[in-house]
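A short write-up of the structure that comes next.
The values are calculated or read from the model by the stated rules, or taken from the named source; none is laboratory data. Note that this is a predicted model, so its numbers are computed, not measured. Glycine also receives a Cβ, built like all others from the backbone with ideal geometry; neighbour counts cover every protein chain displayed.
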Amino acid sequence: MHPTTPLTFDEELCPSSMLPVRMQNKWAPFVLRLLDHGDQSFNALRLKLPRIGPKELTRALRSLERDGFITPSPTGYRLTPLGRSLLALLLDVYAWTTEHWDEIVDARDPDSAQSPSGL
C-alpha cells in the first residue's frame, strides 16, 4: 500500500478519478450485463430496464462509450473487448454479493433478510 500525500486524492492524479464505471451512474453496470447477451438497441435496453428514463439511459450509454466499454453497432450498441474485461470483474463482484447477500442485508436491517433477486 502506498502512503498518502496531499496529492494522493488530487482529481487529476488519483487513480480513483479514472474508475471505469463511475458511482454516479448506477445504470452502467446493468447496461454492460445486458450487452453481454449481444447487441441491443436503445429501445430494447429501455424495455429490459423499465425503471430508467430515456435521459438516464442516454447518459449511461454516452459514459460507457466515452470510456471505450461499448460501441455503436448496426443494431444498437455492443460491448468492446475492454467492456468485456470490465464485465468479467463486475460478475465477480455480483457473485461475491450473492454469496454474502444475507450478511449484507442483516447488517443493514436484521429484520429484513431475504434472498437476492435479479443479481
Between 90, 57, 86, which is at pLDDT 95 or above and within 18 Å of residue 25 (Cβ to Cβ)?
57
Number of positions in segment 33-83 that are of a type in the set (A, V, I, L, M), surrounded by 15 or more Cβ atoms within 10 Å (Cβ to Cβ) and farther than 20 Å from residue 93 by Cβ
5
Could you count how many residues in segment 65-86 are touching a residue at least 40 places away in the same chain (Cβ under 8 Å) and under 17 Å from residue 45 (Cα atoms)?
5
Flagged in segment 72-97 as within 16 Å of the chain's Cα centre (by Cα) and not aliphatic (A, V, I, L, M), in numbering order, are 77, 78, 80, 81, 83, 84, 85, 92, 94, 96, 97
